[in-house]
1. Checking residue 76 against (1) under 30 Å from residue 168 (Cβ atoms); (2) over 19 Å from the mean Cα position of the chain (by Cα); (3) surrounded by fewer than 18 Cβ atoms within 10 Å (Cβ to Cβ), which single condition isn't satisfied?
2. From 78, 97, 2, grab the single residue that is modelled with pLDDT under 95 and hydroxyl-bearing (Ser, Thr, Tyr).
3. Scan the range 146-200 for residues that are over 20 Å from residue 233 (Cα atoms) and basic (Lys, Arg) and jot them down.
4. Out of everything in the range 191-216 that is at pLDDT 95 or above and part of a loop (DSSP other than H, G, I, E, B), what residue ends up being nearest to residue 128 (Cα to Cα)?
5. Taking the condition of being part of a loop (DSSP other than H, G, I, E, B) and buried (at least 17 other Cβ atoms within 10 Å of the Cβ), how many residues in the range 134-151 meet it?
6. For the range 160-178, check the following and say yes or no: at least one residue is modelled with pLDDT of 95 or more, part of a loop (DSSP other than H, G, I, E, B) and farther than 23 Å from residue 62 by Cβ.
7. Of all residues in the range 66-94, how many are of a type outside the set (A, V, I, L, M) and in a helix (DSSP H, G or I)?
Amino acid sequence: MTTKAVLFDMFDTLVLIEKDHEFYSPSLQRMYRYLITKGIDVPFEKFESTYIEERDRLYAKADLTLDEPHFNVRVSETLKKLGYNITVASPTVAAATNEFCEEFMKYVRIDDDAEAALRALFGKYKLGIISNFAIPECVLKLLKASGIDWLFDVVVVSGAVNKRKPSPDIFRRSLKILGVSAAEAVFVGDTIDADIEGSKAVGMRAIYIERRSQKRSEKFCPDQTIKSLRELPLALERCGGLA
C-alpha cells in the first residue's frame, strides 16, 4: 500500500527529554510557588505528596480506560484534597499548569536529526503528531519554539481528546483529520506498547525508533526498526514509500 501520511510520537521520538526526566521536581516546585501567591498555604512536602497521590490515582484509572484528563484535572483534584475548592475551570488552575509547562520546557530539546528528517518528508507525505501528554498547550509551545510546528498537518494530544495511546480512538481521530486510511499511514515512535502496538492494532504500519531497551511485543512487530531519524527516509521506502 502506498504511504500517504507519516505520523510521529512526540517525546523521545522528535523531541528528547534530557537529564533522565529530572524535570519533575523543579516543575512541581515552580507550580507550587505560583499557587502560594494565590493563597495556597500548605508546606511543599504536603502539596507534593498530595499531588503525587492524585496523579497516581488518575494514572491507575488511565491504565484501565486509556483516558487522559487534562493536567488541570490533577491540579484541581490536588487542591480539593488539600481543602481548597478551586474548580478545574479556574484561571488559577490553568496558570499553575502553565507554570509547570514553562519549567518542563527547559528540559526538552529537539532531536538533532528531527528537522532535517521532517523537511525531507514535507510535501511528499501528510505529516502529523500523536502524543501522550496531559498538557496539550505545552506540546504546541514546544513545536513552535523548536521551529517545526509549520511542518505538521495535524497535532493530536491525549490531554486534549481525553484518550491516550494505545487507544484506537486517538489514532483513528488523527487519520480522519488527515483524510487517509490506516493502511495508507505509517507511525513512528519509541515505545512498543503505546506506539507500535497501538498503531498496528488499527492497521497502520509502524517504524520503531530504538531509544532504549524494551520488551518486545507478543502481538505486533514493527515493520522497520531504526536507531536514529537519519534512517527514516530509507525505512519509509521499505514500508511502501510513495507511488
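1. Here residue 76 meets the rest and fails (3).
2. Answer to the selection: 2.
3. Result: 163, 164, 165, 172, 173, 176.
4. 204
5. Qualifying residue count, the range 134-151: 3.
6. Within the range 160-178, none of the residues are modelled with pLDDT of 95 or more, part of a loop (DSSP other than H, G, I, E, B) and farther than 23 Å from residue 62 by Cβ.
7. Adding up the residues that qualify gives 10.
The values are calculated or read from the model by the stated rules, or taken from the named source; none is laboratory data. A quick note: this is a predicted structure, and the numbers were derived from the prediction, not measured. In this analysis, Cβ positions are derived from the backbone assuming ideal geometry, glycine residues included, and neighbour counts consider all displayed protein chains.
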